[in-house]
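Since the structure comes first, as structure tokens, the remarks are kept for the end.
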Amino acid sequence: MTEIHTPRLLLRRWSDDDLVPMADINADSRVMHWIDDGSVRDLDHTAEAIEQWEEEWDEEGFGLFAVELLASGELAGFVGLSVPEFLPEVLPAVAISWRLGSPFWGQGYASEAAQATLEFALQDRGLDRVISITRAGDDASENVIRKLGMTPERETTHPVYGYPLRVHAIDLTEFQA
């Protein structure tokens, strides 16, 4: 089982106990504001999503980690890797993304987990490049991206929702520099 420990977090595969806390995160309109059309997600949708995330782990050897606070055992959300099939123009690519519950914002958890995930991608899984796709205006995610050392690669438009997207990237040589 793949696990990553950081000073404050455990990044791990999903368990049945994660469904309700992740559904609560997905039901928060502040969390979902920058995702797809901004709609909140219910328990059933969250269950389907977790099942898909676990399938990606089995198929690709990477996926979205459940992010657990070491101090309390609380589920903070997810950080991980996925193939951004919704945006064919960037393929083949692996993207890093995150979604944390609003009580966990502003404490450096996203940056801490994303840095560990980026190291996992480039060093453990042997990827030579990782991208991140954000909606223009999502300053909090842009801040995490800067901390990861990713640089702007292109601007494009979401193929379904029509809003502007920014694609950032980092390759193994930039990461090691």
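The values are calculated or read from the model by the stated rules, or taken from the named source; none is laboratory data. Bear in mind the structure is a predicted one, so any value in this text is a computation, not a measurement. A quick note on method: Cβ atoms are made from the backbone with ideal geometry, for glycine too, and the neighbour counts reach across all protein chains shown.
For the stretch 15-48, the set of residues classified as among the hydrophobic types (A, V, I, L, M, F, W, C) and within 24 Å of GLY137 (Cβ to Cβ) consists of ILE25, ALA27, VAL31, MET32, TRP34, ILE35, VAL40, listed by residue number. I need the full set of residues from the stretch 2-42 which are hydrophobic (A, V, I, L, M, F, W, C), assigned to a helix (DSSP H, G or I) and within 18 Å of GLN52 (Cα to Cα), in order please. Within the stretch 2-42, LEU19, VAL20, MET22, ALA23, ILE25 qualify.
Here GLU85 fulfils each of the conditions (1) under 17 Å from the mean Cα position of the chain (by Cα); (2) surrounded by 13 or more Cβ atoms within 10 Å (Cβ to Cβ) apart from (2).
Considered as a group, the residues in the stretch 128-151 that are touching an Asp or Glu at 6+ places or on another chain (Cβ under 9 Å) and of a type in the set (A, V, I, L, M) include one that is nearest to LEU172 (Cα to Cα), and that residue is VAL130. Is at least one residue of the stretch 56-63 in contact with a helix residue (DSSP H, G or I) (Cβ under 6 Å, 6 or more places away or on another chain), in contact (Cβ under 8 Å) with a residue 24 or more places away in the chain and assigned to a helix (DSSP H, G or I)? Within the stretch 56-63, not a single residue is in contact with a helix residue (DSSP H, G or I) (Cβ under 6 Å, 6 or more places away or on another chain), in contact (Cβ under 8 Å) with a residue 24 or more places away in the chain and assigned to a helix (DSSP H, G or I). From the list HIS45, HIS33, the one residue that fits, being over 30 Å from GLY126 (Cβ atoms), within 16 Å of the chain's Cα centre (by Cα), at pLDDT 95 or above and surrounded by fewer than 16 Cβ atoms within 10 Å (Cβ to Cβ), is HIS33. Residues in the stretch 155-163: is at least one closer than 26 Å to ARG125 by Cβ and out of contact with any His (no Cβ under 8 Å at 6 or more places or on another chain)? Scanning the stretch 155-163, I find at least one residue that is closer than 26 Å to ARG125 by Cβ and out of contact with any His (no Cβ under 8 Å at 6 or more places or on another chain), so the answer is yes.
Hey, can you tell me all the residues within the stretch 35-63 that are over 15 Å from PHE78 (Cα atoms) and aromatic (Phe, Trp, Tyr)? Scanning the stretch 35-63 gives no hits.
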